[in-house]
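Colleague: Quick one: structure below, then a few questions.
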Amino acid sequence: MTHSHIIALAVITLLAAIVNGALGYGFSSITVPIALLFLANRILNPALVLIEVVLNTYVVWNNREALSNIWRRVLPMVIGLVPGIVVGTAIVSRVSPGWLRFATYGALLPLILLQAAGYRRPIRSERSVGLTFGAGLGVLYSVTTISGPPLAMMLNNQGLEKKDFRAALGVVRLAESSVTAVAYAYAGFFTSTSMALIPWIVPSIAIGVPLGAIMIRRIQPETFRRICMSFDAWVVAFGLSRLLQDLRLVEGNAAYLVLVIVAMLDMWMLYRFFSKAPRTGDVDALPASPVR
């Protein structure tokens, strides 16, 4: 990795850490789409997973009073994570970097747009759905190291109180990062190249997370979240357009129609959002402990 890429990674992770400190999640959701423009999943993912084991341990400890309220509700998700992570790790080890990037962007784009649209749909059969949801989440996380948007959407739908939401988010995130770390170790993903990224990421987190927590006190949380989702959507759409061209799935500038369509859709959603009074009190918009 070149010196310019190292500096870019430090800047990207600083901005992502600010978002994380403000919203309680979003670190990988911001870092991964941009960093994948110059790094492969197999190099980036292991470094992020190890960092998140530490971050999520802190989150669980910081919200330990609420664990007795939520552990039964999140247990099916945690159980479902294991087979999903095994499958996801196998995908990372066997799929070529270009197609893996394509799959990552393709999975992230609809999730980000659903978050941006403020999608809500409470689930009644929570336990049975939790097992399947956990398996899908495990695949997504082990391939992309991202699970914040769908997990926050799921927990937000179920009407958890603030403290319970943070505890549930922390438990699931700690489980997925820990199991993924074990799976990555077994697959031999922790190379010197990946570990060399960690010293450039940790200072960004140490500075960005508390800075984001301070900033959110002066900014409407839902407005800040919506702007972050908009930025993320544009980055992912750009990356997807480039890959359509690089993988020769679409010839010429026609590949950038994806970016144009996403941009138009996002601007429409932004118009709708800012034409109404910002919602307050959403659980996923509250400043929380740093859990990506």
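The values are calculated or read from the model by the stated rules, or taken from the named source; none is laboratory data. Quick caveat: nothing in here was measured; it's all calculated off a predicted structure. Note: ideal-geometry Cβ built from the backbone for every residue, glycine included; neighbour counts use all protein chains shown. When the accessible area is computed, the model is the full protein with side chains, heavy atoms only, and any ligands, DNA or RNA have been set aside. Shrake-Rupley method; radii C 1.70, N 1.55, O 1.52, S 1.80 Å.
Colleague: From Ile70, Ile85, grab the single residue that is within 19 Å of Asp164 (Cα to Cα) and either aromatic (Phe, Trp, Tyr) or in a helix (DSSP H, G or I) (or both).
Modeller: Ile70
Colleague: Turning to a different aspect of this structure: Out of all the residues in the stretch 186-221, which are small (Gly, Ala, Ser) and open to solvent by less than 60 Å² (accessible area, probe 1.4 Å)?
Modeller: Hits for the stretch 186-221 are Ala187, Gly188, Ser194, Ala196, Ser204, Gly208, Gly212, Ala213.
Colleague: Determine whether Val260 is touching a Leu at 6+ places or on another chain (Cβ under 6 Å), farther than 21 Å from Leu23 by Cβ and open to solvent by 20 Å² or more (accessible area, probe 1.4 Å).
Modeller: no
Colleague: Further question on the same structure: If Val32 satisfies every condition in (1) open to solvent by 10 Å² or more (accessible area, probe 1.4 Å); (2) in a helix (DSSP H, G or I) but one, which is the exception?
Modeller: All conditions are met except number (1).
Colleague: Quick one: how many residues across the stretch 55-72 are hydrophobic (A, V, I, L, M, F, W, C) and exposed (fewer than 14 other Cβ atoms within 10 Å of the Cβ)? Walk me through how you get there before you give the answer.
Modeller: Step one: list which residues in the stretch 55-72 are hydrophobic (A, V, I, L, M, F, W, C), which gives 55, 59-61, 66-67, 70-71.
In the following step, the residues that additionally are exposed (fewer than 14 other Cβ atoms within 10 Å of the Cβ) were identified as 61, 71.
Residues meeting the conditions: 2.
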